[in-house]
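See below for the structure under consideration.
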Amino acid sequence: MNQRTIRTAIAVTGTGLHSGQPVDLEFHPQPIDTGIVFERSDIAGSQPIPASAFLVQDTMMSSNLVFGGTRVGTVEHLLSAIAGLGIDNLLVRVSASEIPIMDGSAAPFIDLLLQAGFSEQEELKKFLRITRPVKVRVEDKWAELRPYEGFELNFEIDFDHPAIDKDFQHAQLKFSTPNFINQLSPARTFGFLRDIEALRQNNLALGGSMDNAIVIDDEHVLNAEGLRFTDEFVRHKMLDAVGDLYLIGYPILGRFSAYKSGHALNNLLVREILSDESNFEIVTFDDNVNCPIDYLPLEYQKVEG
């Protein structure tokens, strides 16, 4: 199981969630052991920003990286897609301080990266294997990673709202590329109409709309097309977690469980794990058969429908 990057550079233009302005986004192949790196194309000579949990300085509504005074925000949906496809090395060049929101899910990033294709690299892929349970808690919210040969997610939310069915606030997923693409990547971010109006009064969420989020009033989902999944709310929280956890620097081998967790708690968990080397070990696998995570073959092409 070797490292991979994309085969060719590819670009797209989307809308910034908070600015409401067009944002240019580019993906470029990178050498082995580079990791995921962000770069601001609108700032001459700006330093590359590594995708590191220790550079997350703001978790208000999203995960935001700051390095050398330069910011790249709302990275979690894109990182989730990168993790889902098993990409190890990639340069992400963006023309603003935030990644474009696209449709509020990871699916557009999946499609774009699949168009670019994969390139296998001459170095084994490194995994971070959890070796003992690590749990963080803030009030009644908590997140935990336990040893597990593979990557599994268990997530529970708790919203007392008529539009968020109590029977669909828990989800479990054994992580693989096919499962991520089909079960998580289309799940959209969501917000309450009253909160969006308040944010706009403060010049935030200016690019937010029902084209890139599930919007809920006091009783209903307002999007005409409804939900993509009956449990789309908790699936999106899992999608966020996949992106937040990839800031650990490697694919994780472990069982992730969480209750009401968000970007801040996910980041706290990653920092707690990395704070003690006895919590983890870095491992490789000599062949795809022994790898406990099912990644797509390099020649994979997405079949619509």
Margin query: If residue 225 meets every condition in (1) open to solvent by 60 Å² or more (accessible area, probe 1.4 Å); (2) touching a Lys or Arg at 6+ places or on another chain (Cβ under 7 Å); (3) of a type outside the set (S, T, N, Q) apart from one, which number is that one?
Written below: (2)
Next item on the list: All but one of (1) free of Cβ contacts under 8 Å to residues at least 60 places away in the same chain; (2) touching a Pro at 6+ places or on another chain (Cβ under 7 Å) hold for residue 23, so report the exception by its number.
Entry: (1)
Notebook entry, point to check: What about residue 13, is it modelled with pLDDT of 95 or more and open to solvent by 10 Å² or more (accessible area, probe 1.4 Å)?
Noted result: yes
Check: What do you reckon, is residue 51 modelled with pLDDT of 95 or more, surrounded by fewer than 17 Cβ atoms within 10 Å (Cβ to Cβ) and closer than 25 Å to residue 107 by Cβ?
Finding: no
Margin query: Looking at the stretch 187-212 only, could you name the residues that are open to solvent by less than 30 Å² (accessible area, probe 1.4 Å) and touching a helix residue (DSSP H, G or I) at 6+ places or on another chain (Cβ under 8 Å)?
Written below: 187, 188, 205, 208
Note to self: Suppose we filter 181, 130, 157 for residues that are open to solvent by less than 20 Å² (accessible area, probe 1.4 Å), among the aliphatic types (A, V, I, L, M) and more than 18 Å from residue 251 (Cβ to Cβ); which single one remains?
What the structure shows: 157
Notebook entry, point to check: Looking at (1) buried (at least 23 other Cβ atoms within 10 Å of the Cβ); (2) touching a helix residue (DSSP H, G or I) at 6+ places or on another chain (Cβ under 8 Å), which is the only condition residue 38 fails?
Noted result: (2)
Notebook entry, point to check: Is it the case that some residue within the stretch 172-182 is closer than 25 Å to residue 296 by Cβ, touching a residue at least 60 places away in the same chain (Cβ under 8 Å) and of a type in the set (A, V, I, L, M)?
Noted result: yes
Next item on the list: Just give me the residues in the stretch 250-293 being in contact with an Asp or Glu (Cβ under 7 Å, 6 or more places away or on another chain) and open to solvent by 50 Å² or more (accessible area, probe 1.4 Å), in sequence order.
Entry: 255, 260
Check: Out of the stretch 84-108, which residues are closer than 13 Å to residue 6 by Cα and under 13 Å from the mean Cα position of the chain (by Cα)?
Finding: 85, 86, 87
Note to self: Taking the condition of being over 21 Å from residue 50 (Cα atoms), among the aromatic types (Phe, Trp, Tyr) and under 16 Å from the mean Cα position of the chain (by Cα), how many residues in the stretch 239-282 meet it?
What the structure shows: 1
Note to self: List the residue pairs whose Cβ atoms are under 6 Å apart, where the first residue sits in the stretch 104-128 and is of a type in the set (Ser, Thr, Tyr), the second is open to solvent by 10 Å² or more (accessible area, probe 1.4 Å), and the two are 6 or more positions apart or on different chains.
What the structure shows: 105/186; 119/7
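The values are calculated or read from the model by the stated rules, or taken from the named source; none is laboratory data. Please read these numbers as outputs of a predicted model, since none were measured by experiment. Note that each Cβ is placed from the backbone with ideal geometry, even for glycine, and that neighbours are counted across all protein chains shown. Only protein heavy atoms, including side chains, enter the accessible area calculation; ligands, DNA and RNA are left aside. Shrake-Rupley method; radii C 1.70, N 1.55, O 1.52, S 1.80 Å.
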